[in-house]
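> Structure incoming, see below.
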Amino acid sequence: MLLRKLQLAISLIALLLLAVPPGARALTNGVRFVDITVQAGITFKHISSPEKRYIVESMSGGVALFDYDNDGWLDIYFVNSLTMDLLKSAEKPQSALYRNKGDGTFADVTKKAGAGNTGWGMGVCVGDYNNDGWDDLYVTCLGPNHLLKNNGDGTFTDVTEKANAGDPRWSTGAAFVDYDNDGDLDLFVANYVDFDVNNLPSQERPCLYRGIEVQCGPRGLRGAGDTLYRNNGDGTFTDVSAKAGVSDPNGYYGMGVVCSDFDGDGFTDIFVANDATPNFLYRNKGDGTFKDIGFVSGAAVNENGSEQACMGVTVGDYDRDGKFDIFATNFSQEYNVLYRGEGPNLFTDVSQAAKVAEVGMPYVGWGTKFFDYDNDGWLDLFVGNGHVYPQVDKANLDAGYRQRKFLHKNNRNGTFSEVAAECGAALMEKRVSRGVAFGDIDNDGDIDIVINDLDGAPSLLRNEGGNVNNAVLIKTMGDRSNRDGAGARVKVVSRELVQIDEVRSGASYISHNDFRLHFGLEKRTRIDLIEVRWPSGVIDKIEAVGVNRILVIKEGKGLVEQKEFNRLKTK
């Protein structure tokens, strides 16, 4: 009997091991994501209507990771929203700024900073638009938007009206981008639908989702165009959308935005993830204008030629072939789409072959990023999920209203394995995720995650255990180029390992990631070459650099500062 029980136990263990995707057992490296929100002192709560009667009540929740006080530690900005019932309330929900104290905790400095009053907020992006060395905030809203100028003393001033940057429509994704390479940051803003709180969509004919009554939209509602603001260099912006060819006159439903030089010509292009309409890929022609090449590039629709409900978006070289790839999250009963870069402005939908499609079918995906969570030198993928219809719970549809996250481990062969269950209970907790931002909050060399959930408290997920591998963080400082170095392409070479990335504002779903670029190096102990190609055309090369440190590279000066990772605490 004892022998029989032992054999049964061995069989069960074997089955459990087989249930873990190939490669996951050996390559997760013991990494776990632990929710430290409460112990970190974060008490922010996102406000949303429980019933979600109108589509505008389902879409908010951007979050930004950025160093607003230049102390070397990432701070957090959470965007808050309103509801129809709160529109006329005397006290409205506030967005929130949390200062990183450098000891694992954060302090709410919203009131002192003057950064909380953003109306019906949606998303956020970050950029030093006036090149004064202090990163500013742009908050998208159910119009008008807000440009918050960083005063450099811990406070912000709302300069929207003076700057002429307050798009009055329903804005979602946004990104600072120096599209004309003149050394200052311009601003691209995606807009969603034409939504007027004083003239609400009729509810006489209810909208149905798989037989249940739900909020209406976006289909059936008129879309809103997009905006490109050119930086005039004097603290003001000019709307050049129509002249530049990016105004979206047909009114597609813009959501996620990511800016990247997809064809390597030195001018930054713009990708817009559109909901229920084809995506835009605006090729920068280098003369102040763009051309939409979404269809001819292969990135407008999926492999079946169908438009999808694209929302969040990320760019990275997941297969290390030197070409950038695009990943976009989608609605339930569709699949998250992976466009593999095949060459300049050419993409192929490889979602099925890469094994990222099937798992997402019952889910609704939002914030996302290519990032190397275990520092092994290969980009993995994260997806935050959560439905828009609370009513799906009553009908037992899809994966429910509250949904778990995805962590796709890169198998190094063009495929991914979904390993969230092996990396901590926090990833499996069912929430209504929206914006997700990525960055090293404790400066220990691995990437942490902050998630703004639609209903209630956010999640601050600390990466624990990944330090068995080496890595490097690179901060860029422009001189002739914009101060943040947005648009700079960075190549890191360590023996046979060659990686590329770009400094970007915005991305994910209406959120902003750490400007510092992170490169995992596995067990390699030296970087042979770092090459930075700046938007100005200047190229800096740094050779023979150590690992496990934060490097500051200044345009034309090379490596100007380095500091070892903070690895004193026990994980």
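The values are calculated or read from the model by the stated rules, or taken from the named source; none is laboratory data. Source: prediction; values computed, not measured. Cβ atoms come from the backbone with ideal geometry, glycine included; neighbour counts cover every protein chain shown. Accessible surface areas use protein heavy atoms only, side chains included; no ligands, DNA or RNA. Shrake-Rupley method; radii C 1.70, N 1.55, O 1.52, S 1.80 Å.
> Can you pull out every residue in the stretch 270-316 that is among the aromatic types (F, W, Y) and within 25 Å of R230 (Cβ to Cβ)?
Once the filter is applied, which keeps residues that are among the aromatic types (F, W, Y) and within 25 Å of R230 (Cβ to Cβ), the stretch 270-316 yields F271, F280, Y282, F290.
> Filter the stretch 84-110 for residues that are assigned to a loop (DSSP other than H, G, I, E, B) and either buried (at least 24 other Cβ atoms within 10 Å of the Cβ) or modelled with pLDDT of 95 or more (or both) and give the result.
P93, Q94, S95, K101, G102, D103, G104, T105, V109
> Kindly list the number of the only condition in (1) open to solvent by less than 30 Å² (accessible area, probe 1.4 Å); (2) at pLDDT below 95; (3) not hydrophobic (A, V, I, L, M, F, W, C) that fails for R434.
Going through the list (1) open to solvent by less than 30 Å² (accessible area, probe 1.4 Å); (2) at pLDDT below 95; (3) not hydrophobic (A, V, I, L, M, F, W, C), R434 breaks only (2).
> Look at the stretch 309-339 and say how many of its residues are of a type outside the set (A, V, I, L, M, F, W, C) and without any contact (Cβ under 8 Å) to a residue 24 or more places away in the chain.
Number of matching residues: 2.
> Moving on to the next point. Could you say whether any residue in the stretch 458-472 is in a loop (DSSP other than H, G, I, E, B) and more than 27 Å from T105 (Cα to Cα)?
no
> Still on this structure: Taking strands (runs of 3 or more DSSP E) that do not extend beyond the stretch 306-396, which have at least 2 residues that are out of contact with any Leu (no Cβ under 6 Å at 6 or more places or on another chain) and within 24 Å of F438 (Cα to Cα)?
Ranges flagged: 313-316, 325-328, 337-343, 365-371, 380-385.
Yes/no matrix, rows are residues, columns are (1) surrounded by fewer than 23 Cβ atoms within 10 Å (Cβ to Cβ); (2) aliphatic (A, V, I, L, M); (3) within 30 Å of T83 (Cβ to Cβ):
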residue	(1), (2), (3)
D444	yes, no, no
I447	no, yes, no
D455	yes, no, yes
V468	yes, yes, no
S481	no, no, no
A507	no, yes, yes
F519	no, no, no
I527	no, yes, no
I539	yes, yes, no
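> Could you tell me whether any residue of the stretch 410-429 is within 30 Å of R99 (Cβ to Cβ), in a strand (DSSP E or B) and not hydroxyl-bearing (S, T, Y)?
no
> Taking only pairs six or more apart or across chains, which ones have beta-carbon atoms under 9 Å, a first residue in the stretch 275-297 that is more than 19 Å from W170 (Cα to Cα) and β-branched (V, I, T), and a second residue that is modelled with pLDDT of 95 or more and in a helix (DSSP H, G or I)?
Once the first residue is more than 19 Å from W170 (Cα to Cα) and β-branched (V, I, T) and sits in the stretch 275-297, its partners that are modelled with pLDDT of 95 or more and in a helix (DSSP H, G or I) give T289/K243; T289/A244.
> Okay, moving on. Could you list all residues from the stretch 350-369 that are surrounded by fewer than 20 Cβ atoms within 10 Å (Cβ to Cβ) and touching a residue at least 40 places away in the same chain (Cβ under 8 Å)?
Hits for the stretch 350-369 are Q352, A353, K355, V359.
> Check G343, G322 and return the single one that is open to solvent by less than 20 Å² (accessible area, probe 1.4 Å), over 16 Å from P278 (Cα atoms) and among the small types (G, A, S).
That would be G343, the only listed residue that is open to solvent by less than 20 Å² (accessible area, probe 1.4 Å), over 16 Å from P278 (Cα atoms) and among the small types (G, A, S).
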